[in-house]
Amino acid sequence: MQVPFVDLRAQYASIKDEVDAAIRAVLDDCAYVGGVPLDHFERDFAVYCRTRYAIGVANGTDALHLALRAVGVGADHEVIAPAHTFIATAAAIEMSGARPVFVDIDPETYTMDPTGVEAAITPRTRAIIPVHLYGQPADMQPILEVADQHDLVVIEDGAQAHGAEYRGQRVGGIGHLGCFSFYPSKNLGAYGDGGAVTTNDAELARRVSQLRDHGRISKYEHSVVGYNSRLDALQAAVLRVKLQHLDEWNRQRQRVAAWYDEALALAGLAPPRVRPDSTHVYHLYVVRTATREEFRSRLESEGISTGVHYPIPLHLQPAFRHLGYRIGDLPTSEAAANQVVSLPIFPELTRAQVESIAGIIGELLREGVVLPISDDGTVLQHSDEWWKPA
Ligand SMILES: *Cc1c(COP(=O)(O)O)cnc(C)c1O
C-alpha cells in the first residue's frame, strides 16, 4: 500500500473546473498583481476569520514580519515565541530586528505554555507570538491577560490553523493581529506562495497594507520604506475558490483524526490532547514514540510516508546559536522534538487507509519496534493493554 504524506493531486481533481475557470479569468484580464481578485479574496477571508480586515501578502513569514513591523517592533525589542514550531515564527522576529525569546510548550497540547510567558517578560518585551500548532489554537485567554497587564501586542501564528476556533472565536481574530500562510500543503493552500494578515484594527490594517506595497500612499509617494510582499492575482483567485471548500476539508481532516484516535486509542502514542474549549483542524496528526527512526523506516518500507514537525527546537537551531540557549533550557520542547512523528493526513484519506496504517503500527508495537510514551514523556514498559490481540 502506498500512502503519501499529503495528496494535492486528489484535491485539485475535485475542484479542477472551478479553479481552471478562475485562473483563466485572471489570464484573460491581464491584471496580475492586485486588482479585483485580490480585493474579493481579502473580503472573503476577513469574513471567514470574522475579522474586519484581511491583507494578502507574499507568504506566511512575511505576514509575521509585516505584523511585527506594523506594531513598531524593531531593534532592542524582544518578542516571545514557543520553541516548538516552524522556524519562520522566529525568523520573522529576527527580520524585524528584535530578539526572539523562547518559551516552552504545554506537554499535553504542544502549544505555548502560558505559565512560561510571564516569566520571560522583560522591559524590552513588545510582543508575544502564540502558534496554533498542528491546527489547534494555543490557550489564548491567559496569554491575552498577561499581554494586557504588560501592554504587549499578541500576534497569532495561524499558519497551520485556518478555521480553527478557540472559545467560539476563529483564530486570526483573537489577538491584535493574525498571520496566515497559504503554502500549498497548508489547510488553505495556494498554487505557489501566499499569506495574509488579519486584524480588527483599522490603523494596523492600513500599516500592513502600506508595508507590503513599498510603503505607498499613492503611485510614487511613499510614507515609509516598505517591502514588495504582495499576494498576486492568480494566487488570490485560486485561494478564493478553495476558501469555499475549507470548512468541508477541515471537517474531513477531523474525521480522519477521529479514525486515527479510535484505531490507535490503546497504542500509547500520546497524540496531543484537544482542549474542550477549542476545535482542532488537524493540519498535522502527530504521535510520539521513543523509537522514531525505527518507526519511520518501518512505515516507509510499507509505503507509508511520515514527517517530523519539528526535529530541532528553535532554541537549539544553529541559526539561533547567538541567542545563547543550551540543551535542557526548554525540556518539554526538547522531548517533543526527539519523539514526534506526523502520520499522513489530508481530507481525501480514507478510513481503510487509516486502518491499514494503524494495523502496521499495531504490528510494530507487538514486535517492540515502537515504544510508547506516557503523558509525562517517559518511555512506558510494554503493558498488556495495547499489545494483546482482541
Ligand atoms: C508554514 C508556516 C509559517 C511560514 O509560512 P510560509 O508561507 O512558508 O512563509 C509560519 N509559521 C508556521 C507555524 C508555519 O507552519
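The table below gives the values:
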| read-out | value |
| --- | --- |
| Selection status of residue 249, surrounded by fewer than 22 Cβ atoms within 10 Å (Cβ to Cβ), aromatic (Phe, Trp, Tyr) and within 20 Å of the chain's Cα centre (by Cα) | yes |
| Every residue from the stretch 106-124 that is touching a residue at least 40 places away in the same chain (Cβ under 8 Å) and over 20 Å from residue 178 (Cβ atoms) | 106, 107, 108, 113, 120, 121, 122, 124 |
| Any hit, the stretch 187-197, residues being away from the ligand (no atom under 14 Å from the Cβ), touching a helix residue (DSSP H, G or I) at 6+ places or on another chain (Cβ under 9 Å) and assigned to a strand (DSSP E or B) | no |
| Residue identified as assigned to a loop (DSSP other than H, G, I, E, B) and within 16 Å of the ligand (Cβ to nearest atom) among 226, 163 | 163 |
| So residue 108, is it away from the ligand (no atom under 16 Å from the Cβ) and at pLDDT below 95 | yes |
| Hey, residue 117 outside any strand (DSSP E or B), farther than 26 Å from residue 254 by Cα and away from the ligand (no atom under 16 Å from the Cβ) or not | yes |
| Unmet criterion (only one of (1) buried (at least 24 other Cβ atoms within 10 Å of the Cβ); (2) away from the ligand (no atom under 13 Å from the Cβ)) for residue 75 | (1) |
| Residues of the stretch 167-179 that turn out to be outside any loop (DSSP other than H, G, I, E, B), in contact with a Cys (Cβ under 8 Å, 6 or more places away or on another chain) and within 16 Å of the ligand (Cβ to nearest atom), as a count | 1 |
| Matching residues, the stretch 335-371, being without any contact (Cβ under 8 Å) to a residue 40 or more places away in the chain and either farther than 20 Å from residue 1 by Cα or in contact with a Gly (Cβ under 9 Å, 6 or more places away or on another chain) (or both) | 366, 367, 368 |
| Complete set of residues in the stretch 198-223 that are away from the ligand (no atom under 16 Å from the Cβ) and assigned to a strand (DSSP E or B) | 199, 213, 216, 217, 218, 221, 222 |
| Cross-chain or 6+ apart pairs with Cβ under 6 Å, the stretch 36-61 first and assigned by TED's automatic domain parsing to the domain that holds residue 175, then away from the ligand (no atom under 16 Å from the Cβ) and part of a strand (DSSP E or B) | 46/53; 49/170; 50/170; 53/199 |
| Qualifying residue in the stretch 253-264 (condition: part of a loop (DSSP other than H, G, I, E, B) and within 30 Å of residue 167 (Cα to Cα)) | yes |
| Enumeration of residues in the stretch 120-142 that are away from the ligand (no atom under 16 Å from the Cβ), within 18 Å of residue 105 (Cα to Cα) and not in a loop (DSSP other than H, G, I, E, B) | 120, 141, 142 |
| Selection count where residues are near the ligand (Cβ under 8 Å from one of its atoms) and of a type outside the set (A, V, I, L, M), scope the stretch 78-100 | 3 |
| Checklist (1) in contact with a strand residue (DSSP E or B) (Cβ under 6 Å, 6 or more places away or on another chain); (2) surrounded by fewer than 23 Cβ atoms within 10 Å (Cβ to Cβ) applied to residue 286, failing item | (2) |
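The values are calculated or read from the model by the stated rules, or taken from the named source; none is laboratory data. In this text the structure is predicted, and so the values were computed from the model without any measurement. Heads up, the Cβs are rebuilt from the backbone with ideal geometry, glycines too, and the neighbour counts pull from every protein chain shown.
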